[in-house]
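For reference, the structure is listed below as structure tokens.
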Amino acid sequence: MMPVVLTPEAENELMEASMYLKEQRLGLSDEFDREIARLLHLIGEYPRLGARFRNSRYRYVVSRRFSYVIYYEIKKAIVLVVAIPHGRRRQGYWRKRK
């Protein structure tokens, strides 16, 4: 299993999404947090699971229930999560971060 590391920007997106869902319905943010944790564990276990993003080095997996996307790249010893936006957000906006 490869360690999964979130960039500060991805951590902020995750925190903002969780806070937003907490305001929507009691317990919804807990369900979201569990779903994202499950997907992060899965990509740590199977890093090549995600589809390639536009033939780049980045991959992604989608939380269908919550419509959030986890964009990541496989480094030598880690899986680096670069963004966790809502699925309706403009694709690739996060590529300018590096």
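Please treat every number below as a calculation from the coordinates, not as lab data. Remember, it's a predicted structure, so these values are computed and weren't measured experimentally.
Annotations for the structure displayed:
- Taking a straight line from the alpha carbon of LYS96, these lysines sit under 23 Å away, with near neighbours fewer than eight places off in the same chain left out: LYS75, LYS76.
- Straight-line reach from LYS22: taking Cα to Cα under 19 Å and skipping same-chain neighbours fewer than 8 places apart, the aspartates and glutamates in range are GLU11, GLU13, ASP30, GLU31, ASP33, GLU35.
- Crossing angle, helix 8-24 versus the chain [Cα axis fit, 0-90 degrees, rounded to tens]: 20 degrees
- Per residue, the average separation of C-alpha pairs within less than 8 Å and at least 6 apart gives the stretch 4-88 a relative contact order of 32 percent.
- The amide H of LYS75, built 1.01 Å from its N in the peptide plane, has LEU80 as neighbours under 5 Å, considering only residues 5 or more places off or on other chains.
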